[in-house]
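Q: Questions regarding the structure given below will be posed in turn.
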Amino acid sequence: MKLLLWDIDGTLLASGGAGARALEQTVTDVFGYAANLSDIDWAGRTDQWITGQIFAKYGIEHTTEHADRLIDSYLAGLPEHLTATTNVLPGVVQILEVAHGRDDITQGLLTGNLERGAKTKLSHFDLWDYFPFGAFADDSAQRNDLGAHAVRRAADHTGYTFPAHDVWIIGDTPHDIECGKVIGARTLAVATGRYSADELNAHEPDAFLPDLSDVEQFWAIVQ
C-alpha cells in the first residue's frame with residue numbers, strides 16, 4: 001500500500017495567479033487598501049500564514065473577526081478568478097485516474113489551501129472527488145504540521161496504518177519537501193511551480209521530475 005499526498009497549486013494546477021488576484025481584490029474591497037501582494041513569498045505556505053503576512057504588511061489588527069472577513073470574502077470571490085490562465089498540469093488527470101482505480105494506492109491532499117478553497121479550485125476541474133481526505137490550512141498555519149494530520153486521516157479512511165517509507169508527498173516547493181521530511185515520508189519534487197530544478201534539488205527530495213507528463217516514470221518512482 002502506498003499513500004500519495006498531493007499539493008495543489010503548482011503541482012496539480014497552474015493557478016495563473018488566481019489566488020493572488022482574489023486576495024488583492026479582497027484586501028481592497030474589505031479593508032480599503034489598494035493591495036499589491038507581489039512582495040509576499042507565499043509559495044508552499046498556508047492560507048493562515050498568508051493572512052498573517054497581509055495583516056502585518058497593512059497594519060491590520062490580526063483578530064478573529066478580521067481573519068474571518070478576509071477569508072470569507074476571498075473564498076466568495078475566488079471562482080471568478082479561476083480563468084483561462086488556471087489549468088490542470090500535464091499528466092495529472094492520467095495519474096489521478098490510475099491511482100483511483102488501484103487497490104494498493106490511496107491518495108489525499110496535503111495543501112496550504114483552506115479546505116473550502118481547495119474544494120473550489122479542484123471542483124472547477126472536476127478533480128475534487130479523487131481526494132476523500134486531506135490536511136489543510138484549517139489544521140495549522142504551519143505547513144510542517146500538516147503531514148501528521150494527513151497520515152492520520154489516511155489511516156482513519158482506510159483502516160490501514162501507512163509506514164513512513166510508503167508515504168509520498170508530491171509538491172513543487174521546498175516547503176513540500178521539508179514537511180515530508182518532518183514525518184519521515186518520501187518526497188517527490190516537481191518543477192511545475194516557481195522553483196527551478198536546482199532550487200528544489202538543493203533541498204534533497206527523494207525524487208525529482210521536471211513535470212508529471214511522463215506518467216510511466218512517475219509510477220516507476222513511487223512504486
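Q: Please list, ordered by first then second residue, the pairs with beta carbon atoms under 9 Å, 6 or more apart or interchain, first in segment 138-155 and farther than 16 Å from Gly108 by Cβ, second basic (Lys, Arg) and not in a helix (DSSP H, G or I).
A: Every condition considered, the pairs that remain are Ala141/Arg45.
Q: Restricting attention to segment 1-10, report how many residues are out of contact with any helix residue (DSSP H, G or I) (no Cβ under 7 Å at 6 or more places or on another chain) and surrounded by fewer than 24 Cβ atoms within 10 Å (Cβ to Cβ).
A: Going through segment 1-10 one residue at a time, the tally reaches 1.
Q: Let me ask something additional. Restricting to segment 166-191, what's the tally of residues that are closer than 19 Å to Gly91 by Cα and outside any loop (DSSP other than H, G, I, E, B)?
A: 8
Q: Then there is this: Would you say Phe162 is over 24 Å from Gly91 (Cα atoms) and touching a Leu at 6+ places or on another chain (Cβ under 7 Å)?
A: The answer is yes for Phe162.
For (1) more than 22 Å from Cys179 (Cβ to Cβ); (2) of a type in the set (A, V, I, L, M, F, W, C); (3) in the same structural domain as His157 (by TED's automatic domain parsing), each residue gets a yes or a no:
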{"position": "Glu24", "(1), (2), (3)": "yes, no, no"}
{"position": "Ala34", "(1), (2), (3)": "yes, yes, no"}
{"position": "Trp42", "(1), (2), (3)": "no, yes, no"}
{"position": "Gly52", "(1), (2), (3)": "no, no, no"}
{"position": "His66", "(1), (2), (3)": "yes, no, no"}
{"position": "Val92", "(1), (2), (3)": "no, yes, yes"}
{"position": "Val98", "(1), (2), (3)": "yes, yes, yes"}
{"position": "Asp104", "(1), (2), (3)": "yes, no, yes"}
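Q: Of Gly101, Gly32, Gly19, which residue is of a type outside the set (Lys, Arg) and either under 15 Å from the mean Cα position of the chain (by Cα) or surrounded by 15 or more Cβ atoms within 10 Å (Cβ to Cβ) (or both)?
A: Gly19 is the lone residue from the list that is of a type outside the set (Lys, Arg) and either under 15 Å from the mean Cα position of the chain (by Cα) or surrounded by 15 or more Cβ atoms within 10 Å (Cβ to Cβ) (or both).
Q: Within segment 177-193, restricting attention to residues that are modelled with pLDDT of 95 or more and under 20 Å from Val215 (Cβ atoms), which residue is surrounded by the fewest Cβ atoms within 10 Å (Cβ to Cβ)?
A: Ala191
This table checks each residue for (1) polar (S, T, N, Q); (2) not in a helix (DSSP H, G or I).
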| residue | (1), (2) |
| --- | --- |
| Thr161 | yes, yes |
| Gly193 | no, yes |
| Glu199 | no, no |
| Phe218 | no, no |
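The values are calculated or read from the model by the stated rules, or taken from the named source; none is laboratory data. Small disclaimer: the values here were computed from a predicted structure and weren't measured. We place every Cβ from the backbone using ideal geometry, glycine too, and count neighbours over all the protein chains shown.
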